[in-house]
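Asker: Mind having a look at this structure? Questions to follow.
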Amino acid sequence: MKLGSYADTGEIANFAISLGIDFAVIGPEEPLSHGVADALDQANIPCVGPKKELARLETSKSFTRLLMKKYKIPGLPQFKVFESMDGVEDFLNELPGIVIKPDGLTGGKGVLVQGDHFQAKEEALAHCRQILESHPSVVVEEKLDGEEFSLQSFTDGNALIHCPPVQDHKRAFAGDKGPNTGGMGSYSCADHLLPFLKEEELKEAKAITKKVLDALAKETGELYKGVMYGGFIATKYGVKLIEYNARMGDPEAMNALSILSTDFGELCSAIALGKLGKIKGNFEHKSTVCKYAVPEGYPAAPQSGKKIFLGDVPKNCRVYYASVDKRKDDLFTSSSRAAAFVGIAPTLEEAEAIAENGVSSAQGLLFHREDIGTEGLIQKRVQHMKKLRGE
Ligand code: AMP
Ligand code: GLY
């Protein structure tokens, strides 16, 4: 089999036709952004994965913000979209804290947060100027304070099946220190809530996703089929939307799918054929903890091409290979996260112990975050929210 390009949507459709496949499940955002779902739909192959215009939910930050504004959907921070520098400085002066987002797919690396990536307003202005040289627009918004959580929802454009919420850990090092990464690990809880999150707040997030789904249909005349992954933040002013992805989260997919008791094939078929309302999405009441082993130096200067050994993982821990190369019988690191270790158990404490034992058994120039899913870090999150809510 030869490797093709995601941009060659016609060839992808012809390949799918030649295999006589029933439906396609499109995982990552890049093929969606090229319109692979559109090409397959034209070939009468139903898809799990939205068409190009609908995938703008992820590929264009301004599209989602403006859609929510137009349809008066709650959960927006203060924001403005700029196509030139006109008015940028005045708006920056209005914001208590600043976040800058280039419009377009940036591989998750384009967002600039005041306090993390820059300090002074003058720097923010310079960043906006620079972004506008290579992007059609820039979204400038209020920096929100709170606890983030991921709500992954399956949809056929009408019905929604929400996964239990998950919390990811973006920072590279324990105690939420170091640079942002693709995600060092994540956890979910047996009660399908999170320790810092109130039931009403989860309901708010679900309601936002439902309203956005309906708005998408009104705006485009098409049904969104696939996954809406909402990156939400619980704040003292309620739940706000950080962003949507048009796919499952990495690592969050490993938490949610590990406890999905509905047959995944059946679920995907129901999404693709528009019959999701006819099935039930069930998730086991178990806690899950996922921890990534990543190459030393990740994310800035990962030690790639180094031999690693994952042979002694305890049997109760699941291992998912991510960015590793296999040469003969040996495994080598690549430039991104190497392997994920997932513990599933009745309590978070047990799930954490399983994941920690698993990830610790990996040998080579690797590191991981020991604190993910531990009581100490969870309590920090709980206290943070209590302080914000004034409890
Ligand atoms: P994204 O690339 O959109 O996932 O954003 C990366 C990270 O930037 C998010 O996970 C948040 O931690 C942070 N972020 C994005 N928007 C905001 C915001 N308005 N306020 C605070 N943090 C934000
Ligand atoms: N965990 C973040 C993402 O999948 O984008």
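The values are calculated or read from the model by the stated rules, or taken from the named source; none is laboratory data. Given the structure is predicted, the values throughout are model-derived calculations rather than measurements. With ideal geometry, Cβ positions are generated from the backbone for all residues, glycine too; neighbour counts draw on all protein chains shown. The area values use the complete protein model at the heavy-atom level, side chains included, leaving out ligands, DNA and RNA. Shrake-Rupley method; radii C 1.70, N 1.55, O 1.52, S 1.80 Å.
Asker: In segment 50-63, which residue that is in contact (Cβ under 8 Å) with a residue 60 or more places away in the chain and either open to solvent by less than 10 Å² (accessible area, probe 1.4 Å) or basic (Lys, Arg) (or both) is farthest from Val212 (Cα to Cα)?
Answerer: Lys51
Asker: Looking only at segment 145-160, how many residues end up being surrounded by fewer than 21 Cβ atoms within 10 Å (Cβ to Cβ), in contact with a Lys or Arg (Cβ under 8 Å, 6 or more places away or on another chain) and hydrophobic (A, V, I, L, M, F, W, C)?
Answerer: 1
Asker: OK, next. If you check His135 against the conditions, is it modelled with pLDDT under 95 and not hydrophobic (A, V, I, L, M, F, W, C)?
Answerer: The answer is yes for His135.
Asker: Also: Please go through segment 238-249 and pick out each residue that is away from ligand 1 (no atom under 12 Å from the Cβ) and out of contact with any Asp or Glu (no Cβ under 9 Å at 6 or more places or on another chain).
Answerer: Answer for segment 238-249, where residues must be away from ligand 1 (no atom under 12 Å from the Cβ) and out of contact with any Asp or Glu (no Cβ under 9 Å at 6 or more places or on another chain): just Met248.
Asker: Can you find, within segment 296-321, the residue that is most open to solvent (accessible area, probe 1.4 Å) among those that are hydrophobic (A, V, I, L, M, F, W, C) and free of Cβ contacts under 8 Å to residues at least 60 places away in the same chain?
Answerer: Phe309
Residue-wise test of (1) away from ligand 1 (no atom under 15 Å from the Cβ); (2) charged (D, E, K, R).
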residue	(1), (2)
Pro165	no, no
Asp168	no, yes
Gly178	no, no
Lys203	yes, yes
Asp214	yes, yes
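Asker: Return the residue satisfying two criteria in turn: it lies in segment 250-276 and is of a type in the set (D, E, K, R) and either within 16 Å of ligand 1 (Cβ to nearest atom) or part of a strand (DSSP E or B) (or both), and of such residues it is least open to solvent (accessible area, probe 1.4 Å). Step through it out loud before you land on a result.
Answerer: Initial filter on segment 250-276 (of a type in the set (D, E, K, R)): 250, 252, 263, 266, 275.
In the following step, the residues that additionally are either within 16 Å of ligand 1 (Cβ to nearest atom) or part of a strand (DSSP E or B) (or both) were identified as 250, 252.
On the way: Asp250: 64, Glu252: 1 Å².
Step by step, filter segment 250-276, then rank; the result is Glu252.
Asker: Could you run through segment 326-376 and say how many residues are over 18 Å from Pro295 (Cα atoms), more than 21 Å from the chain's Cα centre (by Cα), among the β-branched types (Val, Ile, Thr) and surrounded by 16 or more Cβ atoms within 10 Å (Cβ to Cβ)?
Answerer: Total satisfying the criteria: 2.
Asker: Continuing with this model, one more query. Quick one: Ala207 ticks every box in (1) under 23 Å from Cys290 (Cα atoms); (2) at pLDDT 95 or above; (3) among the small types (Gly, Ala, Ser) bar one, so which box is it?
Answerer: (1)
Asker: Can you name every residue in segment 161-189 that is crowded, with 19+ Cβ neighbours inside 10 Å and more than 16 Å from ligand 2 (Cβ to nearest atom)?
Answerer: Of everything in segment 161-189, those that are crowded, with 19+ Cβ neighbours inside 10 Å and more than 16 Å from ligand 2 (Cβ to nearest atom) turn out to be Ile161, His162, Cys189.
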